[in-house]
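Everything below concerns the one structure shown next.
No value in this document is a laboratory result; all are computed from the given coordinates. In this text the structure is predicted, and so the values were computed from the model without any measurement. Here the Cβ positions follow ideal geometry from the backbone for every residue, glycine too, while neighbour counts run over all protein chains shown.
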Amino acid sequence: MGGSRSPDRDKQSSSNFDVDYVITYDIPPNAESAEAEASFTQLIEDLSAVGFATEVRPGRTPSSLLVFVKLASPALLKSQVYRARVQDWLFGVRPSAPAPSDPSSSSPSSPPLPSSTSGNGGGDGSKAMDRYFAEEEPVTEAERLRLTYELITRPRNEGGGAGVTPRLGRWRFVSSVFPLHDRAFNRAWIASWSKKYYLDESDIGLIRDRFGEQVAFYFAFLQSYFLFLVFPAAFGFAAWLLLGPFSWVYAVVNCLWAVVFFEHWKMKEVDLAVQWGVRGVGRIQLPRTQFKFDREGIDPVTGEVIKVYSPYKQLARQLLQVPFAAACVAALGGVIAGCFAIEIFINEVYNGPFKQYLAFLPTVLLTIFNPTLTALLTRLAEKLTEIENHRTHDAHQAAFVQKIFVINFITSYLGIFLTAFVYVPFGKILVPYLDVFKLTVQRFTAEGKTLQTKDWQINPDRLTRQVIYLTVTAQIVNFATEFVVPYAKRKIFRTVERVQSELSEKKGGAAAAAEGQQQKFRQDQPEEAAFLERVRDEAELDEYDVAIDYREMVVQFGYLSLFSVIWPLTACSFLVNNWVEARSDAMKIAANCKRPIPWRADSIGPWLSALGFLSWLGSITSAALVFLFKNGSGSADGSPWDMSGWALLLSILLAEHAYLVVQLVVRSVIRKLDSPGLQKERSERYAIRKRLLERMVEWDVSGSDAARGPGVSGGGEKITRDTLEEEARRLSVAGEGKLEQLFWQRQRSAAETIQIGRALIAETAANKTK
């Protein structure tokens, strides 16, 4: 296939042919082919019943199909959008009901009927709604894709969806449901970001319109974090030149920076949520299809039918997190501590043959066991979260993130904690126990030959080198494994598939004839061949998980908050890394992963709590590190006898309390600052109040004669003959009347009240002159 590409093929490779979603369907072996065929028929019927147009094409392999889905009617999309916006208004996400800006259309406090979506056509209401969707609140691509996905996956009895849930129940042959990338947008996006030094609000807004608020929040957090890193990078560079490591001045400034950034971001995400119209969207919880309830009951407050699951049973299952955390500490901690001890023995005690090669043994062991145990514990965390049986997707994801944070905390920070708080203060006590490794190695030496060792002395540079590796080298390795490895893996797999395909084509006889018969059904039409090839490529990509990117940034923030006092240039490394990280993550979404479902979010979720915890813990570790190494790491001799335990605890206690006080002060100051989002919220609320007051003026009847009561005309209160006769008739019927009625009948009009009052004033004045 040499030569230049035709314009039609280029158009195919960039156009999505109006496809909303692609459903990949796996064809099982012959034993289950009848079931798969029935399930496929049910899939197409359910999608068509909801209002989707469908097309099917063969996948890359004979055991896969591609089902292309799009909404058949624009009116159906408008109906779904309008329904979702009304739901947002009812749950308090929107400040006002979705309605066209037509004063005669409806009350500002209630939405109009979506006549434009009912299929009646014509009429002023239909035109107003069409103008509303076209001009006032257009439907973004992210909103369209999100609501389309919800319509595909939502159960029929809970909102009229098709109920397609990949790999669950009767849809176990459906492997994935994903939207297609917009190749033209992706190329322009990557080209624009690669030329920019700074990402502004418009760049983040563009991400939000294309990939939803959940992804946009990540990039907004990354950009805000990047800008905040400028100060600790500059101050850290100056501290590295002038103050050196373990400076209490740097520790205080770094802790203060962590507090300010954490409190600033808490306000920033609220501001962004208001600007994007998603504040409080977490109240609209998406129920999990996998939720298993005990029974159905009646909500005593609302009266609606709800699914009931015993809270005691769920609490008992959630308590399994305690043994899970213990298992993580035992498994990962045991491996890390064991490799740590082996590394110390080889590098600082052992002095025999092959030392230059044995020095790599701890790294090899960690490379083998650490990812394996992490993967096993991650799968255990998934199973445990499933067992907890959460009702909503948000609660399920939050519980899973908590477990993942425990795993990453151990794998990321335990090595430095061991060096700083075990190796340095207790080295002389613990190193003699490393003779177990000496005895093990002695077995592999010649008989009668003594294993060569050397006197142990603490390595003063070990802690600094460890921090430098984790903050510089590990970031580069992580970039390679995140971006380069998936690309190389896809290239290798495609090469293997091509070789296997060429070998299969060389087969003759009946097999070749059968293959040729199948190709009649699998041959692509020329006008869509390039498009289908691109879809097949995207179907093989991994799904994008924003939690992985959040995890990297939170772990990085932990290194800066907990251990940057050891190496003040930590922030400089992270500043450079995060500039590249923003572009590489954009490239990962555009080229290495399926297009993400544009979910909404009003914050960064449970990762905010992780940031707060690391910020607080940083105040403790910084105080401890400064106290232990206040004279420099070279002064440490591995003996705890010269340490003052009470002084160490006192410094930690004072640092923690100072942190809490500073946090309260910073929080109160930041809350007093104004922001565009809060200004927008006040403006919208004022506009709503103004419209309601204007409408109330139209409804006001206080000036009518009916509101004034009998006998009172528009020119003021006036007693008439009709009034007196009516009053006399009522009193004759009711008798003498109540005291309250008699009290209010002494003076029959405002004029009479004025007359009597003036007389009383004149009488009082006359008495005073006498």
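Things worth noting here:
- Applied to region 196-203, the Karplus parametrisation 6.51 cos²θ - 1.76 cosθ + 1.60 on θ = phi - 60° returns per-residue 3J(HN,Hα) values of 9, 8, 9, 9, 9, 5, 5, 5 Hz, with x for Gly and Pro.
- Estimated vicinal HN-Hα couplings, Hz - region 678-692 in sequence order (Karplus 6.51, -1.76, 1.60; Gly, Pro = x): 5, 4, 5, 5, 5, 4, 5, 5, 5, 4, 5, 4, 5, 5, 5
- Gained length - E35 relative to L654, 0.36 nm times residue gap less alpha-carbon distance: 216.1 nm
- With a Förster radius of 25 Å applied to the beta-carbon distance between H393 and Q42, the computed FRET efficiency rounds to 0.55.
- Förster-model FRET efficiency, 56 Å R0, L241 and R685, C-beta, rounded to 0.05: 0.65
- For G677, the shell of other residues with beta-carbons less than 12 Å away shows a net charge of -3, using +1 for Lys and Arg and -1 for Asp and Glu.
- The H on the amide N of V308, modeled in the peptide plane, is under 5 Å from the matching H of D294, R295, E296, G297, each at least 5 residues off or on a different chain.
- Calculated FRET efficiency, V499 to E158, Cβ-Cβ distance, R0 = 51 Å: about 0.60 to the nearest 0.05.
- Stretching the chain fully between L365 and V661 yields a gain of 102.1 nm (0.36 nm per residue, less the alpha carbon separation).
- Between K196 and Y312, the distance separating the two model label sites (each 7 Å from Cα on the Cα→Cβ line) works out to 5.6 nm.
- For the cross-link pairs K383/K588; K268/K672; K195/K594; K292/K313; K292/K383, the ones whose C-alpha atoms lie over 19 Å apart are K383/K588; K195/K594.
- Taking amide H as placed 1.01 Å from N in the peptide plane, H181 has its amide H under 5 Å from the amide H of R595, each at least 5 places away in sequence or on another chain.
- Counting neighbouring Cβ atoms within 10 Å and putting the fewest first, the residues K313, K588, K680 line up as K313, K680, K588.
- Among E37, E141, the ranking by other beta carbons within 10 Å of each residue's beta carbon, starting with the fewest, stands as E37, E141.
- Each of T367, T385, T140 was scored by other Cβ atoms within 10 Å of its Cβ. Listed from fewest to most, they are T367, T140, T385.
- The ratio of the alpha-carbon radius of gyration of region 173-305 to the globular-protein estimate 2.2 N^0.38 Å is 1.58.
- Subtracting the Cα-Cα distance of L319 and A547 from 0.36 nm times their residue separation leaves 79.7 nm of extension gain.
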